[in-house]
Amino acid sequence: MGKNVIRRKSLETRSASEADRDGGVQSVDRALSILETLAEDDEGYRLSDLAVRTGLSASTVHRLLATLESRRFVQFDRAESKWHVGVRSFTVGASFARRRNFTAQAIPYLRKLRDLTRETANLAVVDDEFIIVLTRMESREIMRSLTKVGGRVAMVTSGVGKAVLATYSDEDVGAVIRHHGMPRLTEKSIVRPSDLFKELATIRKQGFAVDDEEAETGLRCVAAVVYNALAEPLAAISVSGLTSRITDRRLPEIGRVVRDVAAELTAALGGVTPAIKVD
C-alpha cells in the first residue's frame, strides 16, 4: 500500500473519529438541555412542548428521552402523556448538596431563623455567578416561593445575591453585571450599576441585604452571608415572605436576626465573620 493511500486512510479515520466525538458532545449537550428544561416545571412537558422549548426536532427529543429514561434520568407519565425529571437526576443532584457538607449543619439554624421571624428560611450558594437554593425551611404562614430548591436566580435580582455581591470588589461586581446584565423584573428592580453600587455600600454597613420586591411584586427577602475560615463567602441564608408580613417596620429587626443567625452558623462551621464597617 502506497504512502499516499495510507495517509488518506489515516485522515479519513481521524475525520470519522472527530465526527463521532463532535456528534457525541452534541448529543450530551442536547440531553442536558432537555433535563434543564424539565427541571423548570414540576408539571412536566409533553414531547411536542419539549421540542419547542429546546429548539430540537421531535424525533431527536424522543430519541434522547428514550436513552435518558433507560437510565432513569427522566420518567414518562402515561396518564398525562408528560415527561418529568427522574429519580436518577435527583440522586446525582443530591451529591452536590452532600459535597457542600455544611447543608446538614445549617438545618437547625434555618429552623431557628424560621421560628424567630415566622417566615420561610433559605440556604443558598453561588454557582457560576448564579444563586442556587440548596434547602429551605418553609414558613407555617401562607407563602409563595419565588425560587424552588435547586432553582437558579441571577445575583443582582435576589437578596442572597446582593448579600454575596457586597463581599466582592467593585471590579468583580462589574464583571457580573457585564456577563448577566441587570434585568428589570419588576418596577422596583435595580437596573443601573450606580444604584447597585450604592445598595452594596449600604449592605456592607448593615450586614444584611434586602430584596424589596425587586424580583417579584409582593415578595421581600432579607439575606446575610455565611463565611468560611478565610472570611470569604461560603453561602448565604435568608428569609422570604409577603410584603404584608415583612413590613417596613419589621425590616430592621428581621435584618438583625438574619445577620446574627448567619454569624452563628459561620462560627459553627469554623468560619470568620468580617467586622461591619461603620463610618
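Read the figures in this text as sums done on the coordinates, not as results from a lab. Computed from a prediction, not measured in an experiment: that's the story for all the values here. Don't worry about glycine lacking a Cβ; one is built from the backbone with ideal geometry, like all the others, and counts go over all protein chains shown.
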Amide H neighbours of T186 at under 5 Å, excluding residues fewer than 5 places away on the same chain, with H built from the backbone geometry, are none
Going through K82/K188; K112/K162; K112/K188 one by one, the pairs whose alpha carbons sit over 25 Å apart turn out to be K82/K188; K112/K188
Inter-probe distance in nm under a simple model that places probes 7 Å from Cα toward Cβ, at Y168 and R118:
3.6
From the phi of every residue in the range 185-201, what ³J(HN,Hα) in whole Hz does the Karplus formula 6.51 cos²θ - 1.76 cosθ + 1.60 yield, where θ is phi - 60° and glycine or proline is x?
9, 9, 5, 9, 4, 7, 10, 10, x, 4, 5, 5, 5, 5, 4, 5, 4
Output ³J(HN,Hα) for the range 41-50: one whole-Hz value per residue in order, computed from phi by the Karplus curve 6.51 cos²θ - 1.76 cosθ + 1.60 with θ = phi - 60°, and x for Gly and Pro.
9, 5, 6, x, 9, 6, 4, 5, 5, 4
Quick calc: nm separation of the 7 Å Cα→Cβ label points for N228 and S48 -> 4.9
What nm value, rounded to one decimal, do you get for the distance between V92 and E80 when each label is placed 7 Å out toward the C-beta?
2.3
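Dividing the convex hull volume of the alpha carbon atoms of the range 144-249 by its residue count, what do you get in Å³ per residue? Can you show the working numbers first?
Numbers: hull volume 11.7 nm³, N = 106.
Convex hull volume per residue, Cα atoms: 110 Å³.
For T247 and E187 in one chain, what is 0.36 nm times their gap in residues minus the Cα-Cα distance, to one decimal in nm?
Working: separation 60, 0.36 × 60 = 21.60 nm, distance 1.82 nm.
That pair, T247 and E187, stretches by 19.8 nm at full extension.
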